[in-house]
1. Using the crude model of +1 on Lys and Arg Cβ and -1 on Asp and Glu Cβ, and no other charge, please compute the dipole size for the range 418-565 relative to its Cα centre, in debye to 20.
2. Give me the compactness ratio for the chain, meaning the Cα radius of gyration over 2.2 N^0.38 Å.
3. Based on the mean of other beta carbon atoms within 10 Å per residue, what is the order of 62-71, 536-545, 414-423, 31-40, most packed first?
4. Going out from 0 in 5 Å bins, what whole percent of all Cα-Cα distances in the range 396-471 drops into each bin?
5. Starting with the highest mean, order 449-457, 166-174 by the number of other Cβ atoms within 10 Å, averaged over the residues of each peptide.
6. Taking only C-alpha pairs under 8 Å that are 6+ residues apart, what is the relative contact order of the range 509-552 in percent?
7. Given C-alpha coordinates of the range 1-91, what is the ratio Rg to Rh with the Kirkwood estimate of Rh?
8. Roughly how tilted is helix 542-562, in degrees to the nearest 10 and between 0 and 90, from the longest Cα axis of the chain?
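Quick note: the coordinates plus some simple rules give every number you see, no bench work behind them. Given the structure is predicted, the values throughout are model-derived calculations rather than measurements. Cβ coordinates were reconstructed from backbone atoms using ideal geometry, including for glycine residues, and neighbour counts include every protein chain displayed.
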Amino acid sequence: MAAYVLTSHGMKVLLLEAGKKLDINKELKSMQWPYDHPNRGDIPPDTHSLTPAEYRFRDRPYAKGTPYHHVYSYIESWGKGDYSKNIVVDEKDHPYTGTPYAWARARCLGGKTNIWGRLGLRLSDYDFKAKSRDGYGEDWPISYADIAPYYDKVDLCLGISGHKENLDYLPDSIFQRSIRLSKSEVMLRESLAKMGRVLTPYRAGVATDGLKHNKYRSRCFGRGACERHTGGCDIHAAFDSPTGLIYPALETGNLTIRTNATAREVTVDASSGKARGVSFVDTETGKTYEARGKSIVLAASTLESARLMLLSKSSLYPNGIGNSSGHVGHNLCDHIMGPHILGLVKDLVGKPRTLDDGRPGGFYVPRFRNLTDRDPNFIRAYGFEGFGGNTMEPEHAMSLPGFGRSYKKAVRDHAGAFISLSGFGEVLARYENHIDIDPDVKDKWGIPVIRFHYKYGDNEKKMSLDMVNSAREMFDEAGFEVVEARHEILTEGWSIHELGTARMGTDPKTSVLNPFQQSHDVKNLLVVDGSSHVSASCHNPTWTIMALAWRSCDHLADQLRKGEV
Ligand SMILES: Cc1cc2nc3c(=O)[nH]c(=O)nc-3n(C[C@H](O)[C@H](O)[C@H](O)COP(=O)(O)OP(=O)(O)OC[C@H]3O[C@@H](n4cnc5c(N)ncnc54)[C@H](O)[C@@H]3O)c2cc1C
Ligand code: SF4
C-alpha cells in the first residue's frame, strides 16, 4: 500500500522484498479439482507441515533436527498445502526461538495477502477508544473519524463484498454485491435477530462486481475451490497485494522492485540522526548492499519490522532504531482462536446439494459482549466466523460412523447439514508479551532471529469459555443439534493476526510511532504495518493496516513536498 500511494503522488520508490517474485498465476490454481492433482493437493512426502500438537511439544526452533527436506508452518497442514508451499517460508531456513508460537510467514512479492482468508473488517471507536470504556491499556491516538475516509478509499480501490448492517461497533464498508447465505446460515441469522444478535454475510475483500479501474483483477465467479483459502484466487477476484497494488504502482513508472533482498538494518546518518537507507542481503548471492532514500518505510509485517528495528543498533540508537521508549517488540497481541462449535441442522439432512463453497466465505457474527453491558468475567470482545452448507469435500459428514453403501448414503445425506462457529477474541496488549533478538541463533543468511516471550492470560482464558457457552446458546435457540464443542485455545500466534510491536501514541515515552506511523525519534522512518496497532480489537486487521498506511503515506508525501522530512 505504501508503494501504491507514494508512487501515485509521483514519488520514486524502491521496494525491497525478501522473497522471490513468483509467477503467481501459475502458482495459484483455484480452479483445479482435487483429482487433477497427483496428491489431491497434499505436500510431497519428503516435506512436513507442523501440526497443532508439535507447536506445544517440540523444542524451538521447530524445524531443528527433523528428518524432512522442508518444514512448513501449520497452515499447510489444513490440507491442500501443495498449492501454497512455495509461498510460505521453509522453517529450516527461517528459525525462531522462545515461547511456543505458531508463526505463519510468506516470503514472496505480496506476502501473506496471496493466501489470506479475506475477511475485511473495520474497527470502530469501541476499539480505538477501548481504554476510555474499560480503563485497560491505551487508547489509539486516532479515532474512527480520522480513518473512515481511508477505509472508504481502500474499499473502492480494492473491492469488498458485504451487507449493510448499520452497527456502530462494526462499521459498514462501501460494499459490492454480498455473498449469498446458505439455507442454514439464513436460519441462524433469523434466530439470532430474535436474540438481538447479528449474522452478516462474510465481508470478503473480494471484487464480487469487479473493478473497472484494475485490469489485473477479475469479478468473482463463485467457483468451487474457494474454500481452499491457502490456495489463493487465480483470477484475483480476491484481493492480493501484487495485482491490487504493486502492478498498478509499477505502471506509474515510479516503482522499482528488488526481490530476493532481505533488509537487515536501517542505516543512520550520524550527523542528522535521520535514517539514511537500508542495508540488505541478496538472498541468492549472499552479498550485502545499501540502498539510500529520503524516507524509509518499513512494512515487513508486525514481527519482521520490529526485528529489523531491534537489529538496527548504532551509537545514536543503542537499543535499536526508534526505540528510545523501550517499547519496540513489546505489547505484542493477536487474537485467540480455537473455541469452536459444530451443529447439525436436522431439517437439512437428505436435502439436495447446493453450491455453498463457491463463495469466498460463509458468515460473520460480530461481537455482542461489553457493548452496553459489562461482562463480569472479562473485558473486550470476540466475534465468530462461521460456515454452513455443502463443501467440495464434506469433512464433517465423512466422520460419520459406518462403511460401504449405507455410509456413502449417510455422507451424501448429511453433507450440507452441518454449520460451524469459530471464535476470534481480542488478546490484551501487555508490555511483558514481547519479542527480542536471540543472541545465539541466526537464519540462513546469518541474520539474528526473533525470540518470543508471549503467553495468553486470564482474560483470554475466561473469554474462550464464554465463546463456547454463547455459541451453544445460539445453536440451542436456533434448534441445531450441537455435535462438537471445544474451548481449548490454540497455540499463541495461530490467528496469524500478530500486532502491536511498535505502537502509535502521542507520548514518545510510551509509544514508538506518532499518529501518522512516523517514528517519534527518527522523523523520516515510518512503520506502516500491524506493529503500529495499539490494541488488537477482535476484528481481523488487514483492512485497517491498509487504511492506516494510505493515510500515513498521504501525510508523508505532503511533508516531502514541503521539505519537512
Ligand atoms: C492463511 C491466512 C489467512 C488470513 N486471513 C485473514 C483474514 O481473513 N483477514 C485479515 O484481516 N487477515 C488475514 N490474514 C492476515 C493477513 O494476511 C495479514 O494481516 C497481512 O498479510 C499483513 O500484511 P503485511 O504486509 O504487514 O505482512 P505480510 O503479508 O507478511 O508481508 C510482508 C512482506 O515483507 C517481506 N519481508 C519480511 N521481512 C523482510 C525483510 N527483512 N526485508 C525485506 N522484505 C521483508 C515479506 O517477504 C512479505 O512480502 C491471514 C493470513 C493468512 C496466512
Ligand atoms: S469464489 Fe471468487 S474469490 Fe473465491 S476463488 Fe473463486 S473467483 Fe476467487
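1. It works out to roughly 640 debye.
2. 0.94
3. Output ranking for 62-71, 536-545, 414-423, 31-40: 536-545, 414-423, 62-71, 31-40.
4. 3, 12, 12, 9, 8, 9, 10, 10, 10, 9, 6, 2, 0
5. Packing proxy ranking, top to bottom: 449-457, 166-174.
6. Relative CO of the range 509-552 lands at 36 percent.
7. Expressed as Rg/Rh, it is 1.11.
8. Approximately 20 degrees, to the nearest ten.
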